[in-house]
1. Rounded to the nearest 10 degrees, what's the angle between the helix 3-13 long axis and the longest principal axis of the chain, both from Cα atoms, 0 to 90?
2. Rounded to the nearest 20 Debye, what is the dipole magnitude of segment 97-162 about its Cα centre when Lys and Arg each give +1 and Asp and Glu each give -1 at the C-beta?
3. Dipole of segment 3-158, Cα-centred, from +1 at each Lys and Arg C-beta and -1 at each Asp and Glu C-beta, to the nearest 20 debye?
4. Mind checking the dipole of the chain: about its Cα centre, +1 per Lys or Arg Cβ, -1 per Asp or Glu Cβ, Debye to the nearest 20?
5. Specify which residue in the list Pro443, Phe262, Pro290 is farthest towards the positive end of the charge dipole of the chain, using unit charges on the beta carbon of Lys, Arg (+1) and Asp, Glu (-1), about the Cα centre.
6. Using a Förster distance of 22 angstrom, determine the FRET efficiency expected from the C-beta separation of Leu348 and Thr229, and round it to 0.05.
7. Starting from the 7 Å offset along Cα-to-Cβ, what nm value, one decimal, do you get for the label separation of Trp39 and Leu332?
8. Once you place label points 7 Å from the Cα toward the Cβ at Gln9 and Tyr69, how far apart are they in nm?
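What follows draws every value from the coordinates through simple rules; no lab data is involved. None of the values given here were measured: they were computed from a predicted structure. Ideal geometry is used to build each Cβ from the backbone, glycine not excepted, and the neighbour counts take in all protein chains shown.
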Amino acid sequence: MRLQVTFEQLYKYGNWDDCIAFFLRSVEDFDYFIGENTWCREKCAREHRTNKKTGIDAGEDIAEIALMYANAQHALCLFRCKSERLTSMRPSVNDPDVFEEFQNRKPYQYMQICYWKQNDLASAVKSAYTYLVANPNDQETLDNLAFYMEQEGYNDKMLVDAQQMKYEASYMNGVKAYNDGDWQLCVNDLETSVKQFLEEEQKCRYICEDKLNWETFDGVNPEITIITTSIYLSVLRCKHNCVKKLSRVNGHDIESILPTYFDYLHVCYYKLNRGRDVCEAVANSILLNPYNPIMRRNRLFYSRTYKKDDLFKPTDEIVEFHKRYAIEQLFLDFLPPERVDDRLPLDLIIPINDDFDYSAIEKELLSEGECSALSVAAIFETRTAQQKKLMVEVTDRVATRYRTKTELRSLTCSPETMNIKCNHQLFVVSIDRSSCGAFPSEPKPNTCSLIFCVDTLANSKQASNPQRIFIK
């Protein structure tokens, strides 16, 4: 039975105890379903990796049969495992609409009302907040939560996400430790969170293995390669989207969360005098998001500090993640249109070496004369033809030196009052005489600055958080 019908029946008769009990049990059963599904897929994937190597040196026809036999073994493994672990007492979720309702935390939207009717304010707030984390624009629940917050007995400790993942909690603890200057705790929590995030991303990918879009077969020529490619593509899209799906922490989108770990970690490592780890973190960040001007300048600073460029090597784990993500993107971009290169083999060579020209950013970005001219334009809010030309030249200079698409969003002497929101990356360039051409970490009061946005999506398919962490 659909959740909405069950809730409406319980609501109609005011059966709040059963309403709460049924929804809590449904959430528990869904979590069990996800956990057992993931366990079966992990187990069978391990066995399949061994079985599919059989016949790898055989002729083409025999190798194809050997591969399909291994696939059949994989299928049987999944069938047996699910039959054993998902019984009539806790069956599979076969309706995709019901699955999406649980993924979107729909039960919590209902439970908040049931709890409120039971005069359980803390649980009502917790349920409403849990639903809002996944659905931040749901006006009805926003209004309900605002109402709950006005009630006697409310306190902010009630704002608990019942579905918060481990990596989210570790991430927030790590960022708090960073802001508090507790560098060792920052490292401990963020390193733990990276590991937890990668584990959760793999689980998300396993969950995608039954996300088949059957609509793609309508009117399709029933060739086996067409059908198998269509099936694979629908699953791959789901898997590839796991990074974006999991890049939401406490209801806030962070675009691609993985590079941001290293935006924090390199500072924490530096404060602990862990030079090798600093360089690895910077290399990881640049590999995942090569269009971050601030991290390029950090890389230049650390090169001068440690004087060993060979230390800037990304970790094997991040290299493998990056290669997989990039190759998946190539495949997803490949299929829709017919192109000249669609008859060429897929290029599996993904560059990981940092070939950026750091000598280009050693040069002063702005001369004293340019800073003076731009400061006049900012102070008097003038935009003469000469000033506009200079602004265009500086924007092009930044784009050329940092190999990125950049947009100048503001020229101002009151940067602290600017509410500039970039889709991805924001950075500031000082035009004050005392710090001409410097990259401050934050706009400072009563200083004149250029404020840029970097469109990382225009540069790369993998975007980063609008992070502004800079060492010097």
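1. It is inclined by approximately 70 degrees.
2. Working: 5 positive and 11 negative charges, 42 e Å.
In total the dipole reaches around 200 debye.
3. Numbers: 17 positive and 25 negative charges, 126 e Å.
So the dipole magnitude of segment 3-158 works out to roughly 600 debye.
4. Working: 58 positive and 70 negative charges, 235 e Å.
It works out to roughly 1120 debye.
5. Pro443
6. Approximately 0.80, to the nearest 0.05.
7. 3.1 nm
8. 5.1 nm
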